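The values are calculated or read from the model by the stated rules, or taken from the named source; none is laboratory data. Quantities reported herein were computed from a predicted structural model and do not represent experimental measurements. Every residue, glycine as well, gets a Cβ built from its backbone with ideal geometry; the counts of neighbours run over all protein chains shown. Protein only, heavy atoms only, side chains kept; ligands, DNA and RNA dropped before computing areas. Shrake-Rupley method; radii C 1.70, N 1.55, O 1.52, S 1.80 Å.
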Amino acid sequence: MAIQATQTANAQGAQRLVILGTGGTIAGRAAQAGDNVGYVAGQVSVGDLVAAVPMLKDLLLDVEQVAQLDSKDMDFAVWKALAERVAFHLERPDVKGVVITHGTDTMEETAFFLQSVLKPTKPVVLTCAMRPATALVPDGPQNLSDAVVVARHVGAQGVTVVCAGQVHGADDVTKVHTYRLDAFDSGDAGPLGCVEEGVVRLFRPWPTGSVEGLLDTTVRDRVQASLALPRVVLLTSHADTDGLVVQALLAQSSSGAAQPLRGIVVAGTGNGTLHKHLEAALLEAQAQGIRVVLTSRCVRGRVLAHPGLRLSEVSPLSPVKSRIALALDLLTS
Ligand code: ASP
């Protein structure tokens with residue numbers, strides 16, 4: 001199925017929603033009902049997840065299982081299949097929006113990928129759970145119900161994430177907690193809104209496009225035609241580090257690796273500072289034609305460019321999203 005370049009504007013009165021399943025803890029099963037952490041993700045079908053939410057019973061829904069995995073194992077093949085299915089359904093005039101059930105671990109990356117590749121003018125809402133479907137008090141049904149509320153909201157558009165009653169934009173959302181039900185945060189930007197008793201309260205506008213300057217319009221076609229994203233690795237600067245990993249990557253790449261290194265994203269300390277040994281190795285990589293992008297390992301804020309920065313590229317996104325943005329940019333350049 002080809003990824004379509006545009007979505008038709010919301011047909012007047014379109015009511016149908018499509019719910020796509022990809023696995024995650026929301027579809028997880030544990031041997032004991034009281035066990036919220038010792039479960040296997042991606043076990044329960046999306047059809048069963050939908051059937052477990054009484055509020056969805058009278059809605060026009062199409063349900064489709066696109067994948068069934070623990071999102072820690074998310075990869076380009078699943079992203080590509082997901083983007084294709086989302087684009088296909090958004091093209092249908094009778095479809096108001098798409099909801100995706102997903103694991104929490106990489107949900108922010110999938111959201112950013114879909115927003116970057118599709119820039120949908122209809123809502124695409126990812127949702128999840130921190131407790132498995134078998135938990136005594138699972139959070140998945142409420143999150144799924146809230147996600148449907150967001151997808152049905154008049155005027156909703158772009159890729160969002162719904163968890164614990166909050167609505168986050170794809171560019172800003174990050175998983176910030178290992179265990180709490182309210183595991184996501186949108187940093188300085190804050191959430192887009194919230195869902196209160198089945199009603200969306202919006203704090204700021206819906207996402208309309210991806211981060212300026214990082215992507216071009218051919219990205220969807222390139223994604224569709226590619227078997228893999230260009231190889232971009234993510235490194236972190238920290239105390240007592242060196243440049244050995246970078247040197248090893250350069251050596252491996254110049255020895256004819258099947259998938260050569262094209263880029264490095266480095267999560268610097270603070271406002272993009274780097275350990276001097278790592279910085280020296282990264283400057284060498286840059287001199288050899290590898291794209292090196294600087295971001296920060298701080299959970300809040302962004303790297304503010306200043307004359308002291310020696311790397312030529314800086315990203316305002318989180319390290320994992322900067323990696324996707326660079327890979328997509330390399331794909332189109
Ligand atoms: N490892 C799980 C996943 O990402 C965690 C979760 O969904 O909460 O699929």
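Please verify whether D73 is open to solvent by 10 Å² or more (accessible area, probe 1.4 Å), out of contact with any Gly (no Cβ under 6 Å at 6 or more places or on another chain), within 14 Å of the ligand (Cβ to nearest atom) and among the acidic types (D, E), treating the condition exactly as stated. Walk me through how you get there before you give the answer.
On the way: open to solvent by 10 Å² or more (accessible area, probe 1.4 Å): yes; out of contact with any Gly (no Cβ under 6 Å at 6 or more places or on another chain): yes; within 14 Å of the ligand (Cβ to nearest atom): yes; among the acidic types (D, E): yes.
Yes.
Assess whether P260 counts as being in contact with a helix residue (DSSP H, G or I) (Cβ under 9 Å, 6 or more places away or on another chain), surrounded by fewer than 16 Cβ atoms within 10 Å (Cβ to Cβ) and in contact (Cβ under 8 Å) with a residue 24 or more places away in the chain.
It is true that P260 is in contact with a helix residue (DSSP H, G or I) (Cβ under 9 Å, 6 or more places away or on another chain), surrounded by fewer than 16 Cβ atoms within 10 Å (Cβ to Cβ) and in contact (Cβ under 8 Å) with a residue 24 or more places away in the chain.
For residues that are touching a residue at least 12 places away in the same chain (Cβ under 8 Å) and surrounded by fewer than 16 Cβ atoms within 10 Å (Cβ to Cβ), tally how many sit in the range 49-58. I'd like the intermediate steps shown before the answer.
Initially, the range 49-58 is screened for residues touching a residue at least 12 places away in the same chain (Cβ under 8 Å), giving 49-50, 52-53, 55-56.
Now restrict to residues that are surrounded by fewer than 16 Cβ atoms within 10 Å (Cβ to Cβ): 52, 55.
Residues flagged as touching a residue at least 12 places away in the same chain (Cβ under 8 Å) and surrounded by fewer than 16 Cβ atoms within 10 Å (Cβ to Cβ) within the range 49-58 amount to 2.
Just to be sure, is A305 without any contact (Cβ under 8 Å) to a residue 24 or more places away in the chain, open to solvent by 60 Å² or more (accessible area, probe 1.4 Å) and out of contact with any strand residue (DSSP E or B) (no Cβ under 6 Å at 6 or more places or on another chain)? Explain how you work it out, then say what you get.
Numbers: without any contact (Cβ under 8 Å) to a residue 24 or more places away in the chain: yes; open to solvent by 60 Å² or more (accessible area, probe 1.4 Å): yes; out of contact with any strand residue (DSSP E or B) (no Cβ under 6 Å at 6 or more places or on another chain): no.
No; evaluated as a whole, the condition is false for this residue.
Looking at the range 11-38, which of its residues are in contact with a Leu (Cβ under 7 Å, 6 or more places away or on another chain), away from the ligand (no atom under 14 Å from the Cβ) and not in a strand (DSSP E or B)?
The answer is Q15, A33, G34.
For a quick check of your reading of the model, give me the residue pairs whose first member lies in the range 84-112 and is open to solvent by 10 Å² or more (accessible area, probe 1.4 Å), whose second is more than 16 Å from the ligand (Cβ to nearest atom) and basic (K, R), with beta-carbon atoms closer than 6 Å and at least 6 apart or on different chains.
Taking only residues 6 or more apart or on different chains, the pairs are D94/R16.
Restricting the search to the range 143-174, which residues are open to solvent by less than 30 Å² (accessible area, probe 1.4 Å) and of a type outside the set (A, V, I, L, M)?
N143, S145, D146, G158, T160, C163, G165, H168, G169, listed by residue number.
Given the options D182, D172, name the one that is modelled with pLDDT of 95 or more, under 30 Å from V37 (Cβ atoms) and away from the ligand (no atom under 16 Å from the Cβ).
Numbers: D182 fails: away from the ligand (no atom under 16 Å from the Cβ).
None of the others qualify; the one that does is D172.
Which of the residues spanning the range 263-292 are in contact with a Lys or Arg (Cβ under 8 Å, 6 or more places away or on another chain), farther than 11 Å from L311 by Cβ and surrounded by fewer than 20 Cβ atoms within 10 Å (Cβ to Cβ)?
Once the filter is applied, which keeps residues that are in contact with a Lys or Arg (Cβ under 8 Å, 6 or more places away or on another chain), farther than 11 Å from L311 by Cβ and surrounded by fewer than 20 Cβ atoms within 10 Å (Cβ to Cβ), the range 263-292 yields only T269.
List the residue pairs whose Cβ atoms are under 9 Å apart, where the first residue sits in the range 15-42 and is on the phi > 0 side of the Ramachandran plot, the second is near the ligand (Cβ under 10 Å from one of its atoms) and among the hydroxyl-bearing types (S, T, Y), and the two are 6 or more positions apart or on different chains.
G23/S71; G23/T101; G24/S71; G24/T101; G24/T104; G42/T22; G42/T25; G42/S71
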